[in-house]
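Accompanying notes for the structure given below.
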Amino acid sequence: MLFSDAVIQRYSTNDSEHIRPEMYVLTSSSNRKVIEFVGEEKAHRKFSKLNELRAAEIRDIPITGAGDIGALCPNLISVDLSSTQQNSWDVVFAISHQLPELQTLQLQRNPRLPRPLPEDILAICRNLRLLSLNNTGMRWGDVSVVAGRLPFLEELLLCENDIDHLQGGPTGPDGAIVGFPRLQSLNLDGNLLASWDEVWRLRNLPNLQTLFLCNNRLASVFWGPAHPTAAAAAATASPAPAATSAAAVVAPGGAQDDRIPFMALTNLALDGNTIAEWGSIDALARFACLASVRLQRNPLFERRPGGPLEGVLRYLTIARVGDHMRVLNKTPISDKERQDAELYYRNTLLAQYNEERRALEQHHAPPAPAEGRPPYKSAAFYQAHPRWDQILQRYGEPAPSAASTTGEGGLASQMLELTLLTTVLPSMSGAALQRADPTQRMCLEGKRLPQTMKVARLKQQMCTWFGVDPRLALELVVRGSRDEPGGQPLGEEDRPLSSYGLWSGCVVVLQEAADRPDERRPSPPGGSQTAAIAAAEAIYQATRRGVAEEKAAYAQAAQRR
């Protein structure tokens with residue numbers, strides 16, 4: 001079918017043919033009444049004026065020629081030929097020749113198109129802004145050879161083309177890719193890129209703002225190539241503050257490159273790779289303009305039994321990536337969340353910080369204060385936590401007396417602001433039954449607790465606050481929010497809350513133990529009840545009757561109101 005005929009068939013349908021006989025309703029007298037769609041007639045009138053058509057989407061139809069598309073639709077600026085079984089460039093050439101103002105060309109799912117892109121064809125599309133070649137088998141070298149002939153190209157899509165390197169095409173003396181002067185968005189999702197060296201080759205594209213690298217095989221992110229030369233390694237060996245992230249880098253061969261790598265990059269998508277080390281997150285802090293990053297479905301952020309919660313991982317990421325990051329995994333980062341994250345990060349590192357400082361003091365060899373590096377911090381610690389200085393300058397460095405984690409100003413003095421929740425109905429008299437608002441009998445928000453509180457102590461306190469019988473088989477779990485299902489059990493009750501990585505704002509839930517859901521009360525020892533146990537049982541039953549009566553009275557009062 002010719003492209004012009006396909007456009008007529010799709011966009012110039014007669015109204016009488018378009019009415020769908022199944023779209024009707026039956027009246028009370030069993031007559032059919034055809035449904036009239038609001039705006040449908042207007043839409044048909046608009047599409048019937050093909051000379052005003054701006055975009056034509058013809059998919060899943062074999063197209064064998066262009067037809068007289070230029071005379072039929074002279075104002076077309078967007079053409080979609082996805083899955084149209086193109087096995088040569090003749091049809092694309094004919095359509096582009098008739099549409100000199102063409103700005104968008106989508107050719108995805110045409111794997112039989114010849115490689116590479118012919119320069120004489122795409123030279124006609126000088127006004128092209130978007131080119132989609134997903135699922136065509138095109139490699140980077142097949143496309144980059146025409147970079148100079150597409151001066152206005154802003155968006156390039158090369159998804160699922162089995163690309164494992166970005167070599168071929170024009171490069172500069174430092175090996176970086178050149179061309180595409182106005183390219184703003186590059187989509188390489190679903191390919192086979194496994195080395196950050198290949199991504200680093202894109203660093204000098206002057207207007208690249210958005211880079212999609214989802215579902216590749218990238219295991220690490222570096223500021224610079226993953227395997228620099230000896231000269232580059234020597235230049236980057238000494239640590240530098242995060243504020244120097246926009247500094248020039250040393251190119252392979254030792255030549256100084258004054259351009260800022262990825263100077264315009266603001267959005268980076270890395271979902272579905274194999275990133276497993278925090279060093280890759282630290283490297284993101286050095287991309288000066290990076291404001292949004294996506295990191296989901298990487299091993300580093302997968303929930304593991306006994307591992308940190310999703311909220312903790314988000315806090316650690318926010319603290320490491322720096323102030324310029326405003327969106328993480330499509331969720332904005334508020335100033336309050338950033339502050340909480342950085343304080344949490346500082347507090348979790350205090351023990352290691354103090355331990356290394358004590359070790360240095362004991363050996364009487366504290367490191368000499370260097371520019372940007374305070375004393376009492378080893379090079380290994382600095383390398384593992386490059387933003388530590390910046391966070392200490394913002395929130396204060398621990399005083400010398402804080403060398404002990406139980407001293408004033410240390411970790412023990414830090415408080416957590418938690419939401420406490422129970423799923424167990426009150427069964428005993430307690431503080432919960434004295435609250436006028438029944439919603440507060442199951443939840444307490446903004447409860448401030450020390451990080452050193454043991455799990456067993458918190459469970460005991462929650463039983464008291466909520467009036468829950470402590471003889472039940474109970475457990476505590478922590479969640480990121482009240483609506484989050486499941487949660488991480490706080491199983492070892494002799495451990496402090498800080499050892500589980502709890503943070504201000506998380507939710508601690510008191511619930512019946514999952515491994516003993518049917519157990520309501522412990523059995524009396526030895527099979528016989530002593531007088532004390534019998535008395536406690538009587539109090540228990542009386543309390544339950546009192547709770548039931550109190551609930552009934554409250555319900556009656558609510559009905560009267």
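For the reader, a short list of remarks on this structure follows.
- Only protein atoms count toward the accessible area here, which uses a 1.4 Å probe; on the range 264-358, the carbon and sulfur part of that area reaches 52 percent.
- Overall shape: oblate for the range 57-146, with the ratio a/c of the largest to smallest alpha carbon gyration tensor axis at 1.5 or above and b/c at least equal to a/b.
- Scoring 473-485, 65-77 by mean Cβ neighbours within 10 Å over their residues and listing the highest first yields 65-77, 473-485.
- Calculated accessible area for the range 285-355 comes out at 43 Å² per residue, all protein chains present (probe 1.4 Å; ligands, DNA, RNA ignored).
- Computed over the range 86-164: relative contact order in percent, which uses C-alpha pairs under 8 Å that are six or more apart: 32 percent
- Averaged over residues, the count of other Cβ atoms within 10 Å places the peptides 172-179, 491-498 in the sequence 172-179, 491-498, highest first.
- Rounded Å value of the spacing that divides the Cα centres of the range 465-514 and the range 316-353: 24 Å
- Alpha-carbon Rg/Rh ratio, for the range 104-179, with Rh computed the Kirkwood way: 0.94
- Heavy-atom accessible surface of the range 136-191: percent carbon and sulfur, 1.4 Å: 44 percent
- At a probe radius of 1.4 angstrom, the accessible area of the range 79-199 per residue rounds to 37 square angstrom.
- Peptides 162-171, 104-113 ranked from most to least packed give 104-113, 162-171, packing being the mean of other C-beta atoms within 10 angstrom over each peptide's residues.
The values are calculated or read from the model by the stated rules, or taken from the named source; none is laboratory data. Predicted model, so just to flag it, every value in this text is computed and none were measured. A quick note on method: Cβ atoms are made from the backbone with ideal geometry, for glycine too, and the neighbour counts reach across all protein chains shown. The area values use the complete protein model at the heavy-atom level, side chains included, leaving out ligands, DNA and RNA. Shrake-Rupley method; radii C 1.70, N 1.55, O 1.52, S 1.80 Å.
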